[in-house]
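A.B. asks: One structure, as structure tokens, below. Some questions next.
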Protein chains: 6
Amino acid sequence: MNNKQQGKKRAPQKKNQIQNFEYARKLRDKKVKIYLRNGEVLDAEVVGVSNYEIVVKIEDRNLLIFKHAIDYIEY
Amino acid sequence: MNNKQQGKKRAPQKKNQIQNFEYARKLRDKKVKIYLRNGEVLDAEVVGVSNYEIVVKIEDRNLLIFKHAIDYIEY
Amino acid sequence: MNNKQQGKKRAPQKKNQIQNFEYARKLRDKKVKIYLRNGEVLDAEVVGVSNYEIVVKIEDRNLLIFKHAIDYIEY
Amino acid sequence: MNNKQQGKKRAPQKKNQIQNFEYARKLRDKKVKIYLRNGEVLDAEVVGVSNYEIVVKIEDRNLLIFKHAIDYIEY
Amino acid sequence: MNNKQQGKKRAPQKKNQIQNFEYARKLRDKKVKIYLRNGEVLDAEVVGVSNYEIVVKIEDRNLLIFKHAIDYIEY
Amino acid sequence: MNNKQQGKKRAPQKKNQIQNFEYARKLRDKKVKIYLRNGEVLDAEVVGVSNYEIVVKIEDRNLLIFKHAIDYIEY
């Protein structure tokens, strides 16, 4: 976007960016504790994060966890 | 919608803003009691709120809580 | 849809309005009984309603309840 | 889809209508049996249906039921 | 997008079609075993499928099942 | 974002692609262990993946599993 456009039409786009911001994406490559809805607690390293999934490594296991199954993450 | 409003193109945007309004965003920096679906009750300070997440501090723990895991918040 | 309506291009907008209609918004300022997924029943006064939240007052407590945690509301 | 329809640019709209079709809306004014996720079974008369809610009358009680709390409806 | 791509206008639409593809719609008119979140298993004939619902016939019962209440379907 | 990219109008599209990326689609044709919300663990071969569904083969059974019923997948 060039400066002219920014002068006029800035707020909506910026708002949109804020709206789509996700904290989970900041956890990539971090070691976290994941509390699941089934009561399990996983000590995991976050490998990747998408809209609905968190991919982790737990020792030699690779898990694709759906966010809907997570209650909270301690980091 | 009457013709005047159509001429201004204002109404749809305003409507949209109302539609996307969220009370949870007002809790930022407040001390709240979070009741989770797993029965836990967390005395927490709200650090940040995004579309699907609430980030809190509980003493020295940092938690990213998914909203889907929350039943209600007392503030 | 008859030909007249198609000519005016009005119908889709109207349809959209119907699609987004929500009964919950009518409960604002009413006293209701909220049945939660955790089994709790709350006698509450509805203070505000947003897309995913219902804010209520129960005596001197202020609660932000997520709609996903509600089974049904008696009004 | 035949060539004629493609020529008119009508098909996408039609497709969209099919995509948004909901069986629940046909239950308006009918007497149904609603099976909830909490195990309750409600003998109810459907008063209204919106995207995420079903409003019913059960004897002298008025209930706004969230669809997410319903397992299935017998009609 | 450059002009060449715009001239074809084919790819985005195709992508979209893939994105919206649903296996459940192929079950129409089939006899299936539906495993619900409440533990019930229904031997059913699929009558119709919409975005969020599956309508089935079980002997002489007509059920509108919400997909959110289904764990999996054996077909 | 640098000025060159801004000139081409390319970035937004790319962003969108990242936003819609899903790890689950990479599991197609793989043998995985699927942990369900009901406690079941399925040793399955992934046949297909759509937005909300994962289709698997377990010996001679064909299952359409809704993602919402899955806690995590080990692969």
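A.B. asks: At a probe radius of 1.4 Å, figure out the B/A buried accessible area, summed over both chains, and give it in Å² to the nearest 100.
C.D. replies: 1800
A.B. asks: While we're on this one: Which distances, in nm and shortest first, link the F:F21 label point to the same label point in every other copy, taking 7 Å along Cα→Cβ?
C.D. replies: Those label-point separations list as 2.1, 2.2, 3.7, 3.7, 4.3 nm.
A.B. asks: Another one. Can you find, among C:Y35, C:Y52, C:N62, the residue farthest towards the positive end of the dipole of the range C:28-75? Put +1 on the C-beta of Lys and Arg, -1 on that of Asp and Glu.
C.D. replies: C:Y52
A.B. asks: Looking only at the range A:26-70, which residues have a backbone nitrogen under 15 Å from a spot 7 Å from the Cα of B:E40 in the C-beta direction?
C.D. replies: Residues A:32-44, A:69-70 qualify, since their backbone N sits under 15 Å from the label point.
A.B. asks: Another question about this same structure. Using amide H atoms built 1.01 Å from N in the peptide plane, name the residues 5+ places from D:S50, or on other chains, whose amide H lies under 5 Å from its own.
C.D. replies: D:V55
A.B. asks: So what J values fall out for the range B:24-37 if you push phi through Karplus, 6.51 cos²θ - 1.76 cosθ + 1.60 with θ = phi - 60°, rounded to Hz, Gly and Pro as x?
C.D. replies: Once rounded to whole Hz, the list reads 4, 5, 6, 7, 3, 6, 9, 8, 9, 10, 9, 9, 8, 5.
A.B. asks: To continue, here is another question. Where the label is 7 Å out from Cα toward Cβ, how close does B:E45 come to the same position in every other copy, in nm, shortest first?
C.D. replies: 3.2, 3.2, 5.6, 5.6, 6.4
A.B. asks: Rounded to whole Å, how close does chain E get to the rotation axis onto B by Cβ? Give me the residue too, please?
C.D. replies: So the chain E residue sitting closest to the axis is E:H68, 6.
A.B. asks: Shielding of A:39-49 by partners, i.e. mean partner chain Cβ atoms within 10 Å per residue?
C.D. replies: That average works out to 1.
A.B. asks: Let me ask you something else. Could you give, in nm with one decimal, how far A:I58 is from each other copy of that position, shortest first, with labels 7 Å out from Cα toward Cβ?
C.D. replies: In ascending order, 1.9, 1.9, 3.4, 3.4, 3.9 nm.
A.B. asks: Taking the Cα centre of the range D:28-75 as origin and charging only Cβ (+1 Lys, Arg; -1 Asp, Glu), how large is the dipole, in debye to the nearest 20?
C.D. replies: 140
A.B. asks: Name the shape class, rounded, prolate or oblate, that the alpha-carbon gyration tensor gives for the range E:28-75, where a ≥ b ≥ c are the square roots of its eigenvalues, rounded holds for a/c under 1.5, and otherwise prolate holds if a/b is larger than b/c and oblate otherwise.
C.D. replies: Rounded, since a/c falls under 1.5.
A.B. asks: A follow-up question, please. Could you list, in their original order, any pairs among B:K57/E:K67; F:K30/F:K67; F:K31/F:K67 whose Cα atoms are separated by more than 26 Å?
C.D. replies: B:K57/E:K67
The values are calculated or read from the model by the stated rules, or taken from the named source; none is laboratory data. As the structure is a computational prediction, the values presented were derived from the model and not from experiment. Note that we place each Cβ from the backbone using ideal geometry, even for glycine, and neighbour counts take in every protein chain shown. Areas reflect the complete protein model, heavy atoms only, side chains present, ligands, DNA and RNA absent. Shrake-Rupley method; radii C 1.70, N 1.55, O 1.52, S 1.80 Å.
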